[in-house]
Amino acid sequence: MAGTGLFAEILDGEHVYKYYADGEWKKSTSGKTVAIINPTTRKTQYKVQACSQEEVNKVMDLAKTAQKLWAKTPLWKRAELLHKAAAILKEHKAPIAECLVKEIAKPAKDSVTEVVRSGDLVSYTAEEGVRILGEGKFLVSDSFPGNERTKYCLTSKIPLGVVLAIPPFNYPVNLAVSKIAPALIAGNSIVLKPPTQGAVSCLHMVHCFHLAGFPKGLINCVTGKGSEIGDFLTMHPGVNCISFTGGDTGIAISKKAGMIPLQMELGGKDACIVLEDADLDLVAANIIKGGFSYSGQRCTAVKVVLVMESVADSLVEKVKAKVAKLTVGPPEDDCDITPVVSESSANYIEGLVKDAKEKGATFCQEYKREGNLIWPLLLDNVRPDMRIAWEEPFGPVLPVLRINSVEEGIHHCNASNFGLQGCIFTKDINKAMLISDAMETGTVQINSAPARGPDHFPFQGIKDSGIGSQGITNSINMMTKIGNILLETP
């Protein structure tokens, strides 16, 4: 169980968890805690420390000192410790998965999958880091006009320093290790600020790294209110890189962070364009998977269907039939649709639904909500003047816009302020390639739903969907800089 056995050290009393700094689990001197509400019961499930700005300052100093020594640690040793952490993480997947179920209402099976996937990501990063960082370049001066062969340059990738990692609630473990592992193998130290919903899952994950034997001060995890330590962290002069996954907050961070590397993934309005020749059974299956898995709370969820008018009726009927088969209920029962993360999220989704109803959208199911639990809803005949056509619901509500041309679909996709992913369904590969090239989005999937992964694939957004590229290799590269050593001969 969470907070017991191997994890008893991180607990301070009943359901209250400590923060992690300098290789120790600590209580905040603020004497305050932050409540974590169970989305299903809507009651307090856990509490975490409300760290102060003074404690953040101490953590930054510790991370800076530890990083200097870690950068001198042999690459094989860094990889060895990462492999050890991955093994511990996978071995103790059950209590971490339990936290995910209770903190973010993720279905039980999917919660276990997230932890195992995270362990695999850490191991892969260790191997990839040894390959990437174990080699450099040797340059000679006479390749540039006017120079003799008298200057030699050795280049290699060197760490940035202290990396601030901020994962989102929906994949708090996986999207934390996707930042932590590349940073560590590259020789950086880590300050992790977990989301409130998902913080206890992150703390359990951090303890797995602690048990692996990483040096004190190298990995730190501070919890608390974003209103008190959020800006203080992101604007802290001790931070040398920020890796953030989340929503609009990332835009504000990017404007305040200053001259440091940023890796930002900020959500999307992923469009699914369906042509007349598409396999509609395949499309319907992918719309269900892409639009409703984890109740639509995924940055890469299908968030708007743009279907050619001639096949729209048929597609909507097929999707309706599949929606009717989705199970709705608590995450402990592995239901397809579980409560959304918070009451404010449910209220926001309901606002989009009400706007669509007032403006004449066709409801393919009756809108139903109990607390944070919203039943899956397909909205047909959505028009561009409806909020749901453009805004990201982050819930189990999916709009269908009928289009009369491919150009109309591309225009709607590109008019969005988001540009994370999209997908196209057609049997004509030439059309698919041309449309993919025209869509202003980070990734386009052909005949499959948008998704992040496998974790070594590049993953990035454009416009308001992000800065920089993720994926294991890209993350290692962006968390390093080029170091040069020059030798000039007489």
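The values are calculated or read from the model by the stated rules, or taken from the named source; none is laboratory data. Source: prediction; values computed, not measured. Don't worry about glycine lacking a Cβ; one is built from the backbone with ideal geometry, like all the others, and counts go over all protein chains shown. With ligands, DNA and RNA removed, areas are computed over all heavy atoms of the protein, side chains included. Shrake-Rupley method; radii C 1.70, N 1.55, O 1.52, S 1.80 Å.
Here are a few things to note about the model shown:
- Across the protein chains, with a 1.4 Å probe defining accessible surface, the residues ARG117, ARG402, ARG78 rank ARG117, ARG402, ARG78 from largest area downward.
- Model label zone, VAL140; criterion: amide N under 14 Å from point 7 Å along Cα-to-beta-carbon; scope the stretch 470-490: 489
- On the basis of the beta-carbon distance and an R0 of 30 Å, LYS27 and ALA87 show a calculated FRET efficiency of 0.50.
- Pairwise label distance in nanometres, ASN430 with ARG42, each label 7 Å out on the Cα-Cβ vector: 5.7
- Accessible carbon and sulfur surface of the stretch 189-255 relative to its total accessible area, %, 1.4 Å: 54
- Distant-in-sequence amide H partners of GLN460 (H built 1.01 Å from N, under 5 Å): GLN470
- Accessible surface for the stretch 72-123, divided over its residues, is 40 Å² per residue with a 1.4 Å probe.
- Solvent-accessible area, 1.4 Å probe, carbon plus sulfur percent, for the stretch 21-72: 48
- A dipole drawn for the stretch 64-153 from +1 and -1 charges on Cβ atoms has a positive end, and of VAL130, THR150, HIS83 the residue lying farthest that way is THR150.
- Burial order of peptide ranges 190-201, 57-68, 310-321, 335-346 (average beta-carbon count within 10 Å, highest first): 190-201, 335-346, 57-68, 310-321
- Per residue, the stretch 313-397 exposes 45 Å² of solvent-accessible protein surface, assessed with a 1.4 angstrom probe and all protein chains in place.
- Efficiency of FRET from Cβ geometry, LYS109 and LYS77, R₀ 30 Å, rounded to 0.05: 0.25
- For the stretch 412-453, backbone nitrogen atoms closer than 14 Å to the point 7 Å from SER314 Cα along Cα-to-C-beta are found at 426-427.
- Annotation: aspartates and glutamates with alpha-carbon distance below 12 angstrom to LYS427 (same-chain offsets under eight excluded): GLU276, ASP277, ASP279.
- Solvent exposure ordering (accessible area, 1.4 Å, most first) of HIS456, HIS210, HIS412: HIS456, HIS210, HIS412
- When the chain is described by a simple charge dipole with +1 on each Lys and Arg Cβ and -1 on each Asp and Glu Cβ, the residue from VAL173, ASN347, LEU377 located farthest towards its positive end is VAL173.
- Theoretical ellipticity at 222 nm over the chain - DSSP helices of four or more residues, -39500 (n - 2.57) apiece, nearest 500: -12000 deg cm²/dmol
- In this calculation the C-beta distance from ASN147 to SER254 is compared with R0 = 45 Å, giving a FRET efficiency of 0.70.
- Kirkwood-Stokes translational diffusion coefficient of the chain, alpha-carbon pairs, 25 °C, 0.890 mPa s, µm²/s: 104
- Here the convex hull built on the C-alpha positions of the stretch 324-400 has a volume of 81 cubic angstrom per residue.
- Karplus-derived HN-Hα couplings along the stretch 298-315 (A = 6.51, B = -1.76, C = 1.60, θ = phi - 60°), whole Hz, x at Gly and Pro: 9, 4, 9, 5, 5, 10, 7, 9, 10, 10, 4, 3, 5, 10, 5, 4, 4, 5
- Nearest-ten-degree value, helix 75-91 long axis tilted from longest Cα axis of the chain: 40
- Of all DSSP beta bridges in the chain, antiparallel share, percent nearest 5: 45
- Axis angle, to the nearest 10 degrees, between helix 108-133 and the longest C-alpha principal axis of the chain: 40 degrees.
- Per residue value of the accessible surface for the stretch 138-293 (all protein chains in place, 1.4 Å probe), Å²: 32
- 0 to 90° range, to nearest 10: angle between helix 93-104 axis and the chain longest Cα axis: 50
- Using 0.36 nm per residue and subtracting the Cα-Cα separation, the extra length available between GLU366 and LYS68 on full extension is 101.4 nm.
- For the listed residue pairs LYS72/LYS157; LYS289/LYS368; LYS32/LYS225; LYS84/LYS216, the alpha carbons are over 18 angstrom apart in LYS289/LYS368.
- Between the residues GLY3, SER201, GLY268, the greatest Cα displacement towards the positive end of the dipole of the chain, with unit charges on the Cβ of Lys, Arg, Asp and Glu, is found for GLY3.
- Scalar couplings 3J(HN,Hα) for the stretch 257-273, obtained by applying the Karplus form with A = 6.51, B = -1.76, C = 1.60 to θ = phi - 60°, are 5, x, 8, 10, x, 10, 10, 10, 10, 10, x, x, 10, 5, 8, 10, 8 Hz; x denotes Gly and Pro.
- Packing-based ranking, highest mean first, of 30-43, 438-451 given that Cβ atoms within 10 Å are counted: 438-451, 30-43
- Whole-percent carbon and sulfur share, accessible surface of the stretch 80-128, 1.4 Å: 56
- Accessible heavy-atom area order of LYS481, LYS90, LYS269, highest first, probe of 1.4 Å: LYS481, LYS90, LYS269
- For the stretch 55-93 and the stretch 435-480, distance of Cα centres in Å: 27
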